[in-house]
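K.L.:
What follows is a structure written as structure tokens; I'll ask about it next.
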Amino acid sequence: MSFLDVENLTLRIVRGPRILRAVSLSVDQGEVRGLVGESGAGKSMIGKAILGTLPRAIEVVSGRIRLDGTDLQTLSARERRRQIGAQVALIPQDPLTALNPVRRVGPQITNRLVDILGWSKDNAQARALELLDEVHIPDPARVMRAYPHELSGGMRQRILIASAFAAEPKLIIADEPTTALDVTVQKQILRLIKNMQAKHNTALLFVTHDLGVVSKICQSLSVLYAGKVIEDTDTRRFFAGPGHAYSQALLHATPKYTDPDDSLTPVPQQVIDAVEAEVAEFDKGLGA
Amino acid sequence: MLLMRSILARLVATCVTLFGAAVIVFFVIRVVPGNPIAMMLPPGATEDDIARLQALYGLDKSIFEQFVIWLGGVVQGDFGTSISLRQPVLDLVLGRLPATLELSIMALVIAVIIGGAMALTGTLRRETRTEAAIDVTGGMALSVPDFLWGLVLILLFGVLWPVFHISGRVSPSLDFDFATQFYLFESVLRLRFDVWADLVSHMFMPALALAIPLAAIIAQLLKQSLKETMHLDYVTLARTKGYPEASVITREALPNAVLPTLTLIGVQFTFLIGGTVIIERLFSYEGLGNMAIDAVINRDLPLIQGIVILFALIFTVVNLVVDMTYAALNPRLRHA
């Protein structure tokens, strides 16, 4: 059984439209799964549902999320929080807003270890220093004492990566972790995440809209459209020739930076119509 | 160096503010009708008597001359002599100041506790009936002025269910001999808890009346900024780490959300001190505000001037304290 198993997860806005439509996906230990789709396809919502941070206006209609075989819904709220805190970590999208501006960096890395997992302060401190070193931060002891505004975006993302790996989580959810960064820094951060994942043998769910990134680090991927998984395949097969017309169009729309004459190709209207019809069909099947 | 310069700039600004306040109050109270001499003499006093008294208090000179004489005294620490009480203004004012400070600070503490609790509860139970109830309560607290709250409290806790004293600062029957006028503070230091309890029993209602509108303002603003902060990424991240909602609010959101509220509390606190004038009158509390009303009724010009200058000084000190606290709580300002 995979470490993370999402089964038929359907979400909707309270008394409103569906956001996810019977999404199923799984991530094995050591596996990197890409979750791709356009803006608004519901990529981040899957991560939020797993982490238990869905906005209040969104409700779970049906479906199961299993962590290491345990159905999260069977746990008490308190136990669920603890399990997620201990086993899952998030690498957020925007490093500039993901660190608390009024607190020093050090405690923001160690707080999970000390408060949730019950480590001693000294152990947590040593662990944080070790990890900051692992993510190539020079002079970790000084950085631990710094406030976020004293550090660059790339540094902050490294700190957040270190923080995510600190408790040796089984699963990491990376929500577009390079989108807010400088292009030159993106590559380093991507490589860092990949290396850390390989070294710690973590399951990684990588949310992105960048197929180029997927080709570099993911073994498998799920393509999402309007909250529905359009295609679930492994990366090599996908880039050799995607099965679904929408996936093909999506791949075709990726700009090639090597060719200056290449213009952007939009997803053709008939492909969108076809996939919309598929979604409508699905909704009809559910009687809505 | 930079610090020295900003302190110096602050001192200069304070002096200008105080001078401005002095000019305004000095001229305004001499332009409005009514004069202290008329209040002092019995009906039928001769022109001669009036002239003699006016000369005694220097009121026969031009307003501008009077101002220069008075300002010269103030610079040397002499605020003149109260006309109605015949004592040095400085002694009178400093004698009453501790009572008002203790009342205002107690009101502030009550307001912060009530307002903070309302804001935190409202954030924890946001988008529920509890939050709606807090909003309605806050709206009511805010739309009724403090002196009306004072009357409501007197009715509730002084008449219907008499648990608190409704007038004065301390029971005259109590026997104590304190070195300062900071009775509340000193009673704790001297372990005179009987005196302390009596003082609190007298102060509680006026302080609460002053605190209710301020608590409502704090609750509204703090809840608003807490709710905005709750959407930020670092708050979400803390949630994924396994913290329960209540500690996410107090540990992550509150230290940031409190900053705009702090500025507001500073401004509102000065209004609260202004509010003590009426509240002290209502509860016959022997503070500065009560004295200010007597001074105005008696057209006691030097005393009015002294009180106004002191109020202005308190306002600038409060603002200074707020700015310093703000810098201490916000690391982004500390290093700038």
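K.L.:
Over all directions, the average projected area of the alpha-carbon convex hull for the protein assembly as shown comes to how many nm²? Each step should come with its number before you reach the end.
P.N.:
Working: hull surface 164.3 nm².
So the Cα hull casts an average projection of 41.1 nm².
K.L.:
Can you list the DSSP H helices in chain B whose Cα atoms extend at least 20 Å along the helix axis and whose mean Kyte-Doolittle hydropathy is -0.5 or higher?
P.N.:
Helices meeting the criterion: B:2-31, B:89-124, B:129-143, B:193-230, B:254-282, B:301-329.
K.L.:
Most exposed first by the Cβ proxy, i.e. fewest other Cβ within 10 Å, how do A:246, B:326 rank? Write out the running numbers ahead of the final one.
P.N.:
Details: A:246 23, B:326 16.
Listed from fewest to most nearby Cβ atoms, that is B:326, A:246.
K.L.:
Percent antiparallel among DSSP beta bridges with both residues in chain A, to the nearest 5?
P.N.:
Here the share of antiparallel DSSP bridges comes out near 55 percent.
K.L.:
So if each residue of separation counts as 0.36 nm, and I subtract the Cα-Cα distance between residue A:182 and residue A:123, what length gain in nm does that give?
P.N.:
17.8 nm
K.L.:
Divide the volume of the convex hull of the Cα atoms of the range B:1-94 by its number of residues and quote the answer in cubic angstrom per residue.
P.N.:
Expressed per residue, the convex hull around the Cα atoms of the range B:1-94 is 114 Å³.
K.L.:
For peptide B:228-239, how many partner chain Cβ atoms fall within 10 Å of a residue's Cβ, on average?
P.N.:
Whole-number average of other-chain Cβ neighbours for B:228-239 is 6.
K.L.:
When the Debye formula is applied to the Cα atoms of chain A, each taken as the same point scatterer, what base-10 log of I(q)/I(0) results at q = 0.08 Å⁻¹?
P.N.:
-0.36
K.L.:
I'd like the projected area of chain B, averaged over all directions, using the convex hull of its alpha carbons. Report it in nm² with one decimal.
P.N.:
On the way: hull surface 92.6 nm².
Dividing the Cα hull surface by four gives the mean projection, 23.1 nm².
K.L.:
Let me ask something else. How much of the DSSP bridge set in the protein assembly as shown is antiparallel, in percent, rounded to the nearest 5? Present the calculation step by step, with values, prior to reporting the outcome.
P.N.:
Values: 23 of 42 bridges.
The antiparallel proportion sits near 55 percent.
K.L.:
Computed FRET efficiency, Cβ-Cβ of residue A:198 and residue A:60, R0 35 Å: what is it to the nearest 0.05?
P.N.:
Result of the calculation: an efficiency of 0.60.
K.L.:
Over the alpha-carbon set of the range B:112-251, divide Rg by the Kirkwood Rh and report the Rg/Rh ratio to two decimals. Don't skip to the answer; put the middle values down first.
P.N.:
Values: Rg = 20.0 Å, Rh = 17.7 Å.
With Rh from the inverse mean 1/r over Cα pairs, Rg/Rh is 1.13.
K.L.:
Another question, if that's okay. Name the residues whose placed amide hydrogens come within less than 5 Å of the amide hydrogen of residue A:35, ignoring near sequence neighbours (fewer than 5 apart) on the same chain.
P.N.:
A:206, A:207, A:208, A:222
K.L.:
Of all alpha-carbon pairs in the range B:180-242, indicate the percentage at a distance above 18 angstrom.
P.N.:
63 percent
K.L.:
What is the distance in Å between the Cα centres of the range B:140-163 and the range A:215-288?
P.N.:
67 Å
K.L.:
So how tilted is helix A:77-87 from the main axis of chain A? Cα-based, degrees 0 to 90, rounded to 10.
P.N.:
Tilt relative to chain A: about 80 degrees.
K.L.:
Fewest first, what order do B:261, A:258 take by the number of other Cβ atoms within 10 Å? It would help to have the intermediate numbers written out before the result.
P.N.:
Working: B:261 25, A:258 6.
The order, fewest Cβ neighbours first, is A:258, B:261.
K.L.:
Give the residues of the range B:95-139 whose amide nitrogen is closer than 19 Å to a point set 7 Å from the Cα of residue A:15 in the direction of its Cβ.
P.N.:
It comes to B:126-133, nothing else.
K.L.:
Also, I was wondering about something else. Which distance in nm do the two modelled labels at residue A:265 and residue A:284 give, with both placed 7 Å along the Cα-to-Cβ direction?
P.N.:
3.1 nm
K.L.:
Something else: Between the range B:275-290 and the range A:38-103, how many Å separate their Cα centres?
P.N.:
With the range B:275-290 and the range A:38-103 each reduced to a Cα centre, they are spaced 55 Å.
K.L.:
When a footprinting reagent is the concern and you count Cβ atoms within 10 Å, what order do A:222, B:84 take, fewest first?
P.N.:
Details: A:222 24, B:84 16.
In increasing order of surrounding Cβ atoms, one gets B:84, A:222.
K.L.:
For the range B:58-188, what value does the Rg/Rh ratio take when both radii are computed over Cα atoms and Rh is the Kirkwood radius, given to two decimals?
P.N.:
Result for the range B:58-188 is an Rg/Rh of 1.14.
Read the figures in this text as sums done on the coordinates, not as results from a lab. What you are looking at is a predicted structure, and each value in this text was computed from that prediction instead of being measured. In this analysis, Cβ positions are derived from the backbone assuming ideal geometry, glycine residues included, and neighbour counts consider all displayed protein chains.
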